[in-house]
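The values are calculated or read from the model by the stated rules, or taken from the named source; none is laboratory data. Model, not experiment: these values are computed from the prediction. No Cβ is skipped: glycine too gets one built from the backbone with ideal geometry, and neighbour counts run over all protein chains shown. Heads up: the accessible areas ignore ligands, DNA and RNA and are worked out on the full protein's heavy atoms, side chains in. Shrake-Rupley method; radii C 1.70, N 1.55, O 1.52, S 1.80 Å.
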Amino acid sequence: GRPRAGRRGLCGRAVAGEGGGGQEARALGKITELEASLGAAIEAEDYARAASLRDELKRLTETAKVQVAQANERFYRAFASGKIAEMRKAWGDGKHVRVIHPNSGCIVGKEQVMTSWSHIFKVGGGGLKIDLEDVEVHVMSETAAMVTCIEFVDAGPATGKIVATNVFEVQNGKWKMIHHHGSPSTL
């Protein structure tokens, strides 16, 4: 298992994250508006308008899914690189940032999370080989998304199959990871 690093705390409820501006955040902000308009168009039996709103909503949602998938890939490239500077870029800021490494407790706060990754990179000797399977992206709102996947991690002498959940939020117009939970899988 991975050693614990940094201050450990209980994973309590998340506090509100830092919002963001920018083109991505504006596009994502339209999702809620379009969903309400779609409901109103269906209620009014304006099916041509409903179809148009549905198509626009799908386009925006797919865009968000692609952006979240890219943020997830950025995290795994940083993980594989073994470079803490790259890992730091993938993560968001805030007291609600958390990580649960396999066989460890919950590590709370951005700096403590980065300390834990630094320790993992030192113990693992730097870069790791990571393959992903069953990647599923779920956009939950205009500012929150989740990715689930299976990680196959090869750190040289140690290998493992990890079931992971990654949570992202929009900060300063970009999708950033705010929570990573990896649990060993025996299946």
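Remarks
- With respect to the conditions (1) closer than 21 Å to ASN172 by Cα; (2) within 11 Å of the chain's Cα centre (by Cα); (3) open to solvent by less than 70 Å² (accessible area, probe 1.4 Å), GLN70 lacks only one, and its number is (3).
- Counted residues, region 120-148 - those being on the phi < 0 side of the Ramachandran plot, open to solvent by less than 50 Å² (accessible area, probe 1.4 Å) and out of contact with any His (no Cβ under 8 Å at 6 or more places or on another chain): 9
- Per this entry, LYS65 is counted among residues that are among the basic types (Lys, Arg), surrounded by 14 or more Cβ atoms within 10 Å (Cβ to Cβ) and either more than 30 Å from SER37 (Cα to Cα) or in contact (Cβ under 8 Å) with a residue 60 or more places away in the chain (or both).
- Of the residues making up region 156-184, those that are assigned to a loop (DSSP other than H, G, I, E, B) and open to solvent by 30 Å² or more (accessible area, probe 1.4 Å) are GLY156, PRO157, ALA158, ASN172.
- Unmet criterion (only one of (1) at pLDDT 90 or above; (2) open to solvent by 80 Å² or more (accessible area, probe 1.4 Å); (3) in a helix (DSSP H, G or I)) for GLN23: (1)
- Within region 140-167, being over 19 Å from SER116 (Cα atoms) and in contact with a strand residue (DSSP E or B) (Cβ under 8 Å, 6 or more places away or on another chain) holds for MET140, GLU142, THR143, ALA144, ALA145, MET146, VAL147, THR148, CYS149, ILE150, PHE152, LYS161.
- Selection from region 127-178 of residues that are charged (D, E, K, R) and closer than 25 Å to ALA36 by Cα: GLU142, GLU169, LYS174
- Selection from region 79-101 of residues that are buried (at least 20 other Cβ atoms within 10 Å of the Cβ), at pLDDT 95 or above and in a helix (DSSP H, G or I): MET87, ALA90
- Within region 102-114, restricting attention to residues that are modelled with pLDDT of 95 or more and surrounded by 16 or more Cβ atoms within 10 Å (Cβ to Cβ), the residue that is farthest from MET87 (Cα to Cα) is CYS106.
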